[in-house]
Amino acid sequence: EYTNFQTKALAGKEDLELAKQRLDQFDFVGIFEELDRTYEILGLELGLHSDLKQRNQSSGIRAQELTQAQQDRLDEINQLDNALYSYALEKFKGYKPSSTAAKASRLWPWNRLFSRLQSYWLKRKIRS
């Protein structure tokens, strides 16, 4: 089942505090809704040109196409992921680029995985 998928992906189980601890081990966590800023920060950290731009690759159902009942159900079955996302968003908002480049192997672009999972969740739950 794909409930609280991000929490389980980070913690290995439905354990929000452990997922947060593991998220804290990354030097940077990008946010899908802040994709331009995410790319800007990554460019600064990795010494790349900051001309990376967001590309609209959405081909799935958009959240605004959900009924309120469907959105409520998604929120209900993904409470841990919603809390984890809020935590990641706060980390992102408080992120200050370093003066030296971070190690690329420790950067975790939350936005890629989150957007794929979000599309999958929406498609799967709407079919149910």
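The values are calculated or read from the model by the stated rules, or taken from the named source; none is laboratory data. Predicted model, so just to flag it, every value in this text is computed and none were measured. Here Cβ is always computed from backbone atoms with ideal geometry, including for glycine, and neighbour counts include all displayed protein chains. The accessibility values were calculated without ligands, DNA or RNA, using every heavy atom of the protein model including side chains. Shrake-Rupley method; radii C 1.70, N 1.55, O 1.52, S 1.80 Å.
Details
- Looking only at residues in the range 99-113 that are open to solvent by 100 Å² or more (accessible area, probe 1.4 Å) and of a type outside the set (D, E, K, R), the one that is modelled with the lowest pLDDT is Ser105.
- Taking the range 1-98 and the helices (runs of 4 or more DSSP H) fully enclosed by it, the elements with 1 or more residues that are surrounded by 10 or more Cβ atoms within 10 Å (Cβ to Cβ), modelled with pLDDT of 90 or more and of a type in the set (Lys, Arg) are at 5-11, 16-24, 68-77, 79-93.
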